[in-house]
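Undergrad: Pasting a structure below so you can have a look.
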C-alpha cells in the first residue's frame, strides 16, 4: 500500500496510506485528501513551481515531482507557454520534460533554452539538486536531430567552470549510449550543424576549449568511427539473418545441384548415377 501523495495544510507530507477503496481516479491519496489534486487550477499551483531547486523548497520539489510522475498533476501547453522566461521556472521545466507525457520544448522555446543553460551550470556545481548528464539527455531526446546541436550551442562557455576536452569526450560517450543518438547517424546535415556551431563560437569571445575540440577534428573522427561501427553492426545483423534464410532455402538437393556444383561436377555426378549398381 502506497503513501498519500498530498501535503497537509502545514506543507508537510501526509502520513496516511493511500485510499484502498478501489477508486481508480485517485489511488495515490488518502480519503481525507481525495480531491486534493482536483480542486486547484494550474494558476493556483504556479507559486509552487518557483525556485524548486533551492534547499528550502525540498518538500515542494519532491511533492511536485511525485505528482507529475504519477500523473496527478498535468500541465498543459497553454500553461507552459504562459510562463515567463525566468530562472525560477527552469527546474520545473526539467521536471516536466522528465515526467509530463507529451511534453514538448516547443511549448515555450525561450524558457527551454534558458533551462538548458541553467542545467549546464548546475551539472558542474554542488547544490541541493544533483543535475547529471542524464538530465541533459532528457532535454535532447524529444527531437535529437535538432536539440542535440541546440544544447551544444547553449553551453555557457562564458561561465567560470569550463568542461575540459576529456569531459566533452565523456559527454559524447554518454550520449552514444542513448537510443536517440542513433538518429544522428542518419542525419544528413550533421556536418553542417557542427560547422555552424564552430562558426558561432569563433565569433564569441568565449573560452576556446570546446571550439578547439571541434575544430581539430577530434569529435568528427570519433563520430565517423562510431557511425561506421554502428552500420557494421546493423548490416552484420541483417546479413546474418539473410544468411540463415539463404541456407535454409539452398539446403535442398535440387537447389544445391544448380547453385553449388560446376558443369564438370554435374557431368561426373550424372555419369556416376547412370552406372549400374553392382551387388
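Undergrad: Going by alpha carbons, how many degrees (0 to 90, nearest 10) lie between the helix axis of 90-99 and the longest principal axis of the chain?
TA: 40 degrees
Undergrad: I would also like to ask the following. Sequence gap at least 6, Cα distance under 8 Å: using those rules, report the relative contact order of the chain to the nearest whole percent. Write down the numbers at each step before the final one.
TA: Values: 233 pairs, mean separation 27.0, N = 279.
Relative contact order comes out at 10 percent.
Undergrad: What residue among 82, 123, 169 shows peak mean-square fluctuation when the chain is described by a Gaussian network model with Cα springs under 10 Å?
TA: 82
Undergrad: On average over all directions, what projected area in square nanometres does segment 85-211 have, based on the convex hull of its Cα atoms?
TA: Over all viewing directions, segment 85-211 projects a mean Cα-hull area of 8.1 nm².
Undergrad: Please determine, in degrees from 0 to 90 and to the nearest 10, the orientation of helix 263-274 with respect to the longest principal axis defined by the Cα atoms of the chain, where the helix direction is its Cα long axis.
TA: 60 degrees
Undergrad: Okay, helix-only estimate at 222 nm for the chain: each DSSP H run of n ≥ 4 adds -39500 (n - 2.57), divide by all residues, round to 500 deg cm²/dmol; what do you get?
TA: Values: 14 runs with 154 residues, N = 279.
The helix-only estimate for the chain comes to -16500 deg cm²/dmol at 222 nm.
Undergrad: Also, quick follow-up: When 85, 270 are ordered from fewest to most other Cβ atoms inside 10 Å of their Cβ, what list results? Numbers along the way, then the final one.
TA: Numbers: 85 14, 270 9.
By the 10 Å Cβ count, ascending, the order reads 270, 85.
Undergrad: What share of all Cα pairs of the chain, in percent, falls into each consecutive 10 Å distance bin?
TA: Once binned at 10 Å, the Cα pair distances of the chain give 5, 21, 22, 16, 12, 9, 5, 5, 3, 1, 0.
Undergrad: Against the longest principal axis of the chain, how steep is helix 144-153, in degrees 0 to 90 to the nearest 10, with axes from Cα atoms?
TA: Between helix and principal axis, roughly 50 degrees.
Undergrad: Please work out the Cα center distance from segment 108-144 to segment 181-208, rounded to the nearest Å.
TA: 19 Å
Undergrad: Just rank 103, 148, fewest to most, by other beta-carbon atoms within 10 angstrom.
TA: Working: 103 18, 148 22.
Listed from fewest to most nearby Cβ atoms, that is 103, 148.
Undergrad: In addition: Please pull out the direction-averaged projected area of segment 1-146, using the convex hull of its alpha-carbon atoms, in nm² to one decimal place.
TA: Numbers: hull surface 37.3 nm².
For the Cα atoms of segment 1-146, the hull's average projected area reads 9.3 nm².
Readers should treat all values here as calculations from the given coordinates under stated rules, not as data from a laboratory. From a predicted model like this one, the values you see are computed outputs, not experimental measurements. A quick note on method: Cβ atoms are made from the backbone with ideal geometry, for glycine too, and the neighbour counts reach across all protein chains shown.
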